[in-house]
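S.K.: Structure provided below as structure tokens; questions to follow.
The values are calculated or read from the model by the stated rules, or taken from the named source; none is laboratory data. Just so it is clear, the structure is predicted and the values come from calculations on it, not from any experiment. Neighbour counts run over all protein chains shown; Cβ positions are idealised from the backbone, glycine included. Please note that ligands, DNA and RNA were not included when accessible areas were found on the heavy atoms of the full protein model with its side chains. Shrake-Rupley method; radii C 1.70, N 1.55, O 1.52, S 1.80 Å.
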Amino acid sequence: MIGRLVALAICLWAAVAGAAPIGEAGARHLLERTGFGAPPGQIAEYSGMERQQAVERLLSGDTRGLLALPPVIAYERPGRLRMLSDDERQAVQRELLRQGAEIRAWWVGEMLWAPTPQDALRERMTLFWHNHFVSSQQKVKSGTLMLRQNELLRRYALGNFAVLLHAVAKDPAMVVYLDNATNRKASPNENFAREVMELFTLGEGNYRETDVKEAARAFTGWSFAPETGAFLWRPAIHDDGTKTFLGRTGNLDGDAVLDIIVLQPATAEFISRKLWREFVSLNPEPAEIRRVAAALRGAGYETAAALRAILLSEAFWSPANRGSLVKSPVDFVIGTLRTLAVAVPDALPLVFVLRNLGQDLFAPPNVRGWPGGENWINSTTLLARKQFVERLLRAGEMPQVPRMGREAQGKRAGRMGDAGRARLLEGVAQMHFDSAAWLARHGDWTAIQNAVLALPPVQPPNDKTPGLPLLRALLLDPVYQLK
């Protein structure tokens, strides 16, 4: 009887907590976890909502679309480099570097200038899928294919995971990256078959080596046309024999294998666990993962259903899970600029800032992606983060690429040509933080602290510390590395 009363009391408390406005602290937590930083205007918009209303507004899909059209870049045929002379190869490599900088700057701009929380969530989920369905320009060697893949991930960012899985499996950048273009019945290549189960869907321990071999046979013939970069089905190299995969036997092709994978409960739990670690904490409770996975499967793998189950959970809103995740370089740099309302006319310099901090967009380190968490922080990157803040706040100067003086900056930018180098240096010079306006908007010591820290500072400044020195002390506090 007492246990039932306690359970009833907890449910009533949760209902009351969920019905109350989330307030500024709740709005900041929600926006920082689902976007990049917490712009003051958006905090004001969401702080008066209760949880359900705030989450539904966020998941409404009411975005304004792309802020800028993707850059127009010439398609470079993957694999062509080995057919060129040394001089031609160097010219193509310079062009690939230029393309890489252009597409990175475009994407950074979409994240940085996302006008609404819904737009920021779309970019957050595009980045999430980029680190889940990993490909890298370093191997694909085509800015066009990487850009097309990014557009695909954005299109299904909050859409149906099963549809996205099928689309990514036929995406030419993925076909190149995981070697499925060389997968043929005479000599099956198992790379994609293995990674689609181990890293994209089921997770280790939920399939056997024989399943990898049979799946590889099913994916034979999935290729791309080097001349156009389009997906190409090559029936002549497809193994159309009988296969047995995860207990199902038949003349299975790649689509059938993916359909079987989606039917496995382990797939929904694997995706739910990764989403939980992205938005809540690194150590999810198994019961919570089962609950989110049930919501995901019940909705036919609509990603928004899993996010709704996560964002409305008590765990998401629990004080114990605030300040529990380490900011990625994107979180740190773009979140700082958005929170402080820094004017950034050109996103190109930020491409090199992020690379220097360990998150080179369109080039994750390997097929497992960026490991995240505490791996983002080491003595070099922590110093670079602090220097980024110092340069951002320094009176009369704008933020520059951390730990890279103008000479080093120029050498790297020089690979982009004189025009690219000039644009980079001009972009750095034009960034502007109006500290007086920002501080006036936030007012007192407590408001400034709450605007930038998820938890109380490790090294609290003196309560008489004036505005800009106070802000500097808070941004340099270890807690500012957390969200």
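S.K.: Output the number of residues of the stretch 113-138 satisfying the condition of being over 8 Å from the mean Cα position of the chain (by Cα), crowded, with 19+ Cβ neighbours inside 10 Å and of a type in the set (Phe, Trp, Tyr).
M.R.: The total comes to 1.
S.K.: I've got another one for you. Restricting to the stretch 46-55, name every residue that is in contact (Cβ under 8 Å) with a residue 60 or more places away in the chain and open to solvent by 30 Å² or more (accessible area, probe 1.4 Å).
M.R.: Scanning the stretch 46-55 gives Arg51, Gln52.
S.K.: Go through the residues of the stretch 221-229 one by one and say whether even a single one is in a loop (DSSP other than H, G, I, E, B) and either closer than 26 Å to Gly372 by Cβ or among the hydrophobic types (A, V, I, L, M, F, W, C) (or both).
M.R.: The answer is no, given that none of the residues of the stretch 221-229 is in a loop (DSSP other than H, G, I, E, B) and either closer than 26 Å to Gly372 by Cβ or among the hydrophobic types (A, V, I, L, M, F, W, C) (or both).
S.K.: Sort through Asp444, Asp418 and tell me the only one that's within 30 Å of Gly41 (Cα to Cα) and either modelled with pLDDT of 70 or more or over 28 Å from the mean Cα position of the chain (by Cα) (or both).
M.R.: The conditions single out Asp444.
S.K.: For Gly205, are the conditions met, namely being open to solvent by 30 Å² or more (accessible area, probe 1.4 Å), out of contact with any helix residue (DSSP H, G or I) (no Cβ under 7 Å at 6 or more places or on another chain) and within 26 Å of Asn131 (Cα to Cα)?
M.R.: So Gly205 fits the description; yes.
S.K.: While we're here: Please find, within the stretch 325-367, the residue that is farthest from Arg98 (Cα to Cα) out of those that are part of a helix (DSSP H, G or I) and among the charged types (D, E, K, R). Full working, then the answer.
M.R.: Initial filter on the stretch 325-367 (part of a helix (DSSP H, G or I)): 329-339, 348-356.
Imposing the further condition that a residue be among the charged types (D, E, K, R) reduces the set to 331, 338, 355.
Working: Asp331: 25, Arg338: 26, Arg355: 15 Å.
Result: Arg338.
S.K.: Consider the stretch 228-255. How many of its residues are buried (at least 16 other Cβ atoms within 10 Å of the Cβ), free of Cβ contacts under 8 Å to residues at least 40 places away in the same chain and at negative phi?
M.R.: 5
S.K.: Within the set of pairs 6+ apart or on separate chains, which have a first residue in the stretch 74-97 that is of a type in the set (Gly, Ala, Ser), a second that is in a loop (DSSP other than H, G, I, E, B) and surrounded by 12 or more Cβ atoms within 10 Å (Cβ to Cβ), and C-beta atoms under 7 Å apart?
M.R.: Gly79/Pro226
S.K.: Which one of Ala236, Ala225 is in contact with a strand residue (DSSP E or B) (Cβ under 7 Å, 6 or more places away or on another chain) and modelled with pLDDT of 95 or more?
M.R.: Ala225
S.K.: Have a look at Ala315, Ala343 and point out the one that is open to solvent by 10 Å² or more (accessible area, probe 1.4 Å), modelled with pLDDT under 95, of a type outside the set (Asp, Glu) and touching a helix residue (DSSP H, G or I) at 6+ places or on another chain (Cβ under 9 Å).
M.R.: Ala343
S.K.: Now a separate question. In the stretch 242-290, what residues are of a type in the set (D, E, K, R) and farther than 19 Å from Arg194 by Cβ? Spell out the reasoning first.
M.R.: Our first condition is that a residue be of a type in the set (D, E, K, R); within the stretch 242-290, this holds for 243, 248, 253, 255, 259, 269, 273-274, 277-278, 285, 288, 290.
The answer is Glu269, Arg273, Arg277, Glu278, Glu285, Glu288, Arg290.
S.K.: Continuing with the same structure: Residue by residue through the stretch 256-279, note down the ones that are among the hydroxyl-bearing types (Ser, Thr, Tyr) and touching a residue at least 40 places away in the same chain (Cβ under 8 Å). Walk me through how you get there before you give the answer.
M.R.: Initially, the stretch 256-279 is screened for residues among the hydroxyl-bearing types (Ser, Thr, Tyr), giving 267, 272.
Answer for the stretch 256-279, where residues must be among the hydroxyl-bearing types (Ser, Thr, Tyr) and touching a residue at least 40 places away in the same chain (Cβ under 8 Å): just Thr267.
S.K.: Can you find a residue in the stretch 288-301 that is of a type in the set (Ser, Thr, Tyr) and farther than 16 Å from Ala454 by Cβ?
M.R.: Yes - at least one qualifying residue is present in the stretch 288-301.
S.K.: May I ask you to verify whether Phe270 is open to solvent by 10 Å² or more (accessible area, probe 1.4 Å), modelled with pLDDT of 95 or more and closer than 30 Å to Ala305 by Cβ?
M.R.: Details: open to solvent by 10 Å² or more (accessible area, probe 1.4 Å): yes; modelled with pLDDT of 95 or more: yes; closer than 30 Å to Ala305 by Cβ: yes.
Spelling it out, Phe270 is indeed open to solvent by 10 Å² or more (accessible area, probe 1.4 Å), modelled with pLDDT of 95 or more and closer than 30 Å to Ala305 by Cβ.
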